[in-house]
Structures are given as structure tokens and as C-alpha cells.
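See structure below.
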Amino acid sequence: MSKVPVKDWHAYNAAQIYEKTWLILLLSQLCAGIMQPLHTFGRPPVPLGDVLFAMVLKVYNKTTCRQCIPDLEDAQKRGFISKVPMPSTILKYLEMKSTTRLLRQLIIESSLPLAELETVFAIDSTGLSMSQFDRWIDKRNGKPEVRDRRSWIKLHVMCGVLTNIVTAVEISKPTAGDSPFFKALLLTTLRHFRVKEVSGDKAYSSLKNLLLAWQNKCLPFIPFKSNAKPQHRSKNRLWSRLYYFYSMNAEWFERHYHKRSNVESTFSMIKRRFDSHLRCRTKTAQVNEALCKILCHNLCVIIHSVYERGIEPEFSKDHEASDNQAA
């Protein structure tokens, strides 16, 4: 049996105590790399980096925009931002689709300090509930009943199994399948990480996903569905080879596949720390709020890695903003 690693509680306690101090520092470094779009007419807008800083800090604090102002004023005094955005400005940028692209870039950038540590990854999806309700009809008891249930959006993520850092994220409607998102998540991760293994549940069991992982020199630990046959209808040899190989090495396969449970731990960390529901009411704002939760999680993982693994995080300063982001 493998030994359970002993947790360094002194480092863990220090990371918890100084988490917010570190988060503000790292977040300011991330946002400092965002280029301000060209301004040609009217009153100069609030720096884009300052607005994103305020947006993420609001989600981290789990407060309203107004309640976040004292922390923003303190950050301004300490030189982390140049200007304190008004609450209406923070909400305005939350509603902008152009903000989504920038938040995705920041999530990827926030994962890079752990690029040398993570080589094994897990993939899965989860839901975040909204304040709105959907109507549905329950026919289970023979008599149809109209009921209400909360709406939700679906998060598809790929994370490292060692630190739970999120390396790629996609957001979809609740009814979307998991398998089609495998390609985007894996290719995004491969841009910056050396992926040796990737684990996913049966929802990702398809020839396209197995081929994509194999072509990129990743060993896919994805179990075959109960109705899967040794011979694929396309006569592809990879399907048959993996089917027989995993069948004859079930114990070895389970040891590697068990690493997939780390993505469930990642979802638990995000929901316990930053809530499992979304405060915003419009679709675009909900997507941006969900991405802010992921970014907050990544920064917290980096902070713990600073104390427990001795890393020194550095972020590049080459983010770009389109001209319409200050509209």
C-alpha cells in the first residue's frame, strides 16, 4: 500500500491566515497585464484592470459591489489599483460579453506557475444554480404536477490532480453533454502543460476523445460503457487495443482512474469556499461570475502552493483588450 503523505499543517495554517493578503497581491499582478483599449473620445474610462480586480474581489468576498468598496479603497491606498470603480461600473462590466474572454485568459494565466508540477489531469462537469426558477411537469405519480426548480449552468473543467488547479474551463447550458467539450479542454491545457495522463468518466468514452488524447501522447483513462463492444464500427485498432488492455489490467487501470476523484474535490473546494449558487440574474453576468469563482479558486491554490511547495509565482504582462471592451 502507498503511504499517505503527511500534511504540513504549519504551512497550511500560514496559507489560510495570509490568503487574502496574497490574493490581492497576485490578483493585482494578473490584472496589471491587461492592456487598456485605445480611448479616442469622451471621459477616460476606469482602467480595465481595476474593474476586473474589483469584480474578482467581490466574488472572493461573497459580498455586494457596494460592500466591496472599502476593500477596494484600501487596495488603492496600497497601490494595487489606480482607481476605485463605482458599483454600477463593476456591474456594467459583469454584463459585457467581452469580459468573458479576459476572464478566461486570466484563468489560464493563473494556472501557469504550476506547469512544472502538474502532468496528470482529470476532467468532469458540475452545475451552479441561479436565482431564477424553471417550470417542469412531474408525471411520476401518474397525475401530472407543475413544479418549479432552480435554473443552473454547467461548468466543464480540466484540473491537475496534484494541486487541483483548473487549467481550462468551458460553460454550457444544463442539458449539454460532456463528451463534446473534451477536445477544447484538452487542447487548451496542452498549450502550457505536459499532459501524460487524463482521466474522465464514461461520459467521455468515445473514439474521437481517445484518438485525440493518443495523438497528443496522453494516456486516456476513460472507462468503456457497459454496452461497448471490443470492435468499434469504424474498425479502428486503437479502440480494440485499449478495450482489451484495460480489461486485462483492471486493477492497474483502477489505480490510475481513481485520480479522477480529484476533479470532484476541485468542485467541492469551489462550492464550499465561493458558494454553489450565482447571484447575477442575466446569462452573461452569470457566466462571468462563474469564471470569477474559478479564478479565485486558482489563486487560492497558488497561495497554498507558495507555502506548501515553495513555488514563486510570476505572471506575464501580455494580455490584450479589444477596443470595444471599454464601450
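Normalised size of the range 176-285, defined as Cα radius of gyration per 2.2 N^0.38 Å with N residues, equals 1.25. Among E109, E19, sorting on how many other beta-carbon atoms sit within 10 Å of each Cβ, with the fewest leading, yields E19, E109. Only Lys, Arg, Asp and Glu carry charge here, each on its Cβ (+1 for the first two, -1 for the last two); on that basis the range 118-276 has a dipole of about 480 debye about its Cα centre. Residues D201, D50, ranked from the fewest to the most other C-beta atoms within 10 Å, line up as D201, D50.
A cut-off of 5 Å between modelled amide H atoms, ignoring neighbours fewer than 5 places along the same chain, links I81 with Q76. Between E314 and E251, the simple label model (points 7 Å from Cα in the Cβ direction) yields a spacing of 4.6 nm. Decide, for the chain, between rounded, prolate and oblate: order the square roots of the alpha carbon gyration tensor eigenvalues as a ≥ b ≥ c, take rounded if a/c falls under 1.5, and otherwise choose prolate if a/b is larger than b/c, else oblate. It comes out prolate by the Cα gyration axes. The packing ranking of peptides 188-200, 52-64, highest mean first, is 52-64, 188-200, where packing means the average number of other beta carbon atoms within 10 angstrom of each residue. For the pair L187 and S226, the difference between a 0.36 nm per residue extended length and the Cα-Cα distance amounts to 11.3 nm.
In this simple spin-label approximation, Y18 and L207 carry label points 7 Å from Cα along the Cα→Cβ vector, and these lie 5.5 nm apart.
Quick note: the coordinates plus some simple rules give every number you see, no bench work behind them. Keep in mind it's a predicted model, so treat the numbers as computed, not measured. Glycine gets a Cβ as well: all are built from the backbone with ideal geometry, and neighbour counts include every protein chain shown.
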